[in-house]
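All remarks here apply to the structure that follows.
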Amino acid sequence: MPKVSALDMPDVPKGKLPEHLEVQRTRVVCNADAPIYTEPFHYSGAFALMGVDNSVTLESFCKNLKIEVIELTEDTMEFDMIGIDASLANAFRRILIAEVPTMAIENVLMVNNTSVIPDEVLAHRLGLIPLNADPKLFEYLSEHDTPNERNTIVFKLAVSCKKGSPRLTVKSDQLKWLPGGSELEMESPTPSAKPRTYTSFSRSQDSMPEFANKPLGVKHQDIIIDKLGPGQAIELEAHAVKGIGKVHAKWSPVATAWYRMLPEVILLKEIKGVDAEKLVKKCPVNVFDIEDVGKGGKKAVVANPRACTLCRECIRGVNEPQVELRRAKDHFIS
Amino acid sequence: MEHGSLTDLSSSTFSLIDEDHTLANSVRFTLNQDPRVQFCGYSIPHPSDNKVNIRVQTTGDPAKDVLKDALQNLMLMCKHVRTTFDDTVNDFRATEKVEHIDINSDR
């Protein structure tokens, strides 16, 4: 009997990987105790001995990439990415959180703060307030730059609670935008003719065409900044600059960004009758459903695999494997 | 910064400053797709320093050129993802006909 290589056997597909290896390459199988096949097969020569090319060329990547938007509102977005690797998807997630610039209050010049909240805590709270300003219209402010109308937004907060009146809550709508720049004067060594302020605006920001239609301000008007008792007052000026989330989380544009891999639920054998009903009941997110086969028989089918949260209820405590839970390594959803 | 041997240009370690897993993992992925690469990997010597060491060993070509090509590929891949994403979002907005949502249209 002549020796035949296992790869030349009649039932092995040529040029492609055999099915069980294809599952290992593209799917993470989630067993009851731990997931297996999690390592990505990136190396271009991984299957060279079998004659299969594992490389992903630029053309094939561009052809296979698909993006589908599920939901898009002003504050949230949910979309699917198909045909991309986990390393790129994670890089996008990390960049969204840490490296997309926004505007946030950085320097706070305190004139008067007699409230119960200390200066630095109040300044920290002001920094976390989200601002309605497009960072593309601004430049970064570095240490030796002077603050001018192209890199700073100036806000003013001047509130006081009169004696005899009830406690006053200072909300974010009291932050007034000063398009003409800072109003506080710096102390000059010589009493010169014109005192300098803390910013050098050459022109007022509301004369600039970008801000003419949309005045700058805070995004939400009802954020509580501080609470004042009778006789207390706050007077301060806040300067907002452009920054990225890596430096301080106040500059992160997203509340958070996350992804998960597309779940696949495979029924290893036909599940009928009472077993089918038990399986459907086990799943807390209704992944399975009952399909009526003729003569009153019931069969379990996978109705909604996308909802699977990997709670593993369907594979826990079962004697023989009925369900296999898998994740696709190149399909990322939310 | 490249640490390598003067005689053997096909293997060297590149030390990048101000980078982290974001770039290093993506570059490792694109490097692996190149058939000239025999081995590639990255490590972060200490999480407090912002440094990444990328090791490239090739089948003969200078490691510097292979890394440059991989970075170029990565840039083109990201550009393609961006254009696909923009097109998909524009199509979605056009089909949804949202009038009351105030999003910048130059996004």
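One table, with the values for the structure above:
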item: Rounded FRET efficiency, nearest 0.05, which uses the C-beta distance separating A:E210 from A:N90 and R0 of 45 Å; result: 0.85
item: Burial ranking of peptide ranges A:295-307, A:126-138, A:217-229 (average Cβ count within 10 Å, highest at the top); result: A:126-138, A:217-229, A:295-307
item: Relative exposure of A:S115, A:S207, judged by other C-beta atoms within 10 Å (fewest first); result: A:S207, A:S115
item: Efficiency of FRET between A:D134 and A:S5 - r from beta-carbon atoms, R0 51 angstrom, step 0.05; result: 0.20
item: Computed [θ] at 222 nm, deg cm²/dmol, the protein assembly as shown (DSSP H ≥ 4; -39,500 (n - 2.57); rounded to nearest 500); result: -7000 deg cm²/dmol
item: nm² value of the averaged projected area, convex hull over the Cα atoms of the protein assembly as shown; result: 36.9 nm²
item: Selected from B:T95, B:T83, B:T30 as most flexible by GNM, with chain B as the system and alpha-carbon contacts under 10 Å; result: B:T95
item: About the Cα centre, charge dipole magnitude for the protein assembly as shown (Lys/Arg +1, Asp/Glu -1 at Cβ), debye; result: 900 debye
item: Candidates A:K281, A:K176, A:K269: whichever shows maximal mean-square fluctuation once chain A is modelled as a Gaussian network with Cα springs under 10 Å; result: A:K269
item: Fewest-first ranking of A:M50, A:M77, using other Cβ atoms within 10 Å as the exposure measure; result: A:M77, A:M50
item: Global geometry of the range A:1-155, whether rounded, prolate or oblate, following the gyration tensor of its Cα atoms and the 1.5 cut on a/c; result: prolate
item: Selected from B:R55, B:R36, B:R93 as most flexible by GNM, with chain B as the system and alpha-carbon contacts under 10 Å; result: B:R93
item: Least to most buried among A:V108, B:V27 (fewest other Cβ within 10 Å first); result: A:V108, B:V27
item: Calculated FRET value between A:H144 and B:N50, using beta carbons and R₀ = 25 Å, to 0.05; result: 0.65
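None of the figures in this text is laboratory data; all of them are computed from the coordinates on show. Worth saying up front: this structure is predicted, and the values here are computed from it rather than measured. Every residue, glycine among them, receives a Cβ derived from its backbone with ideal geometry; neighbour counts consider all protein chains shown.
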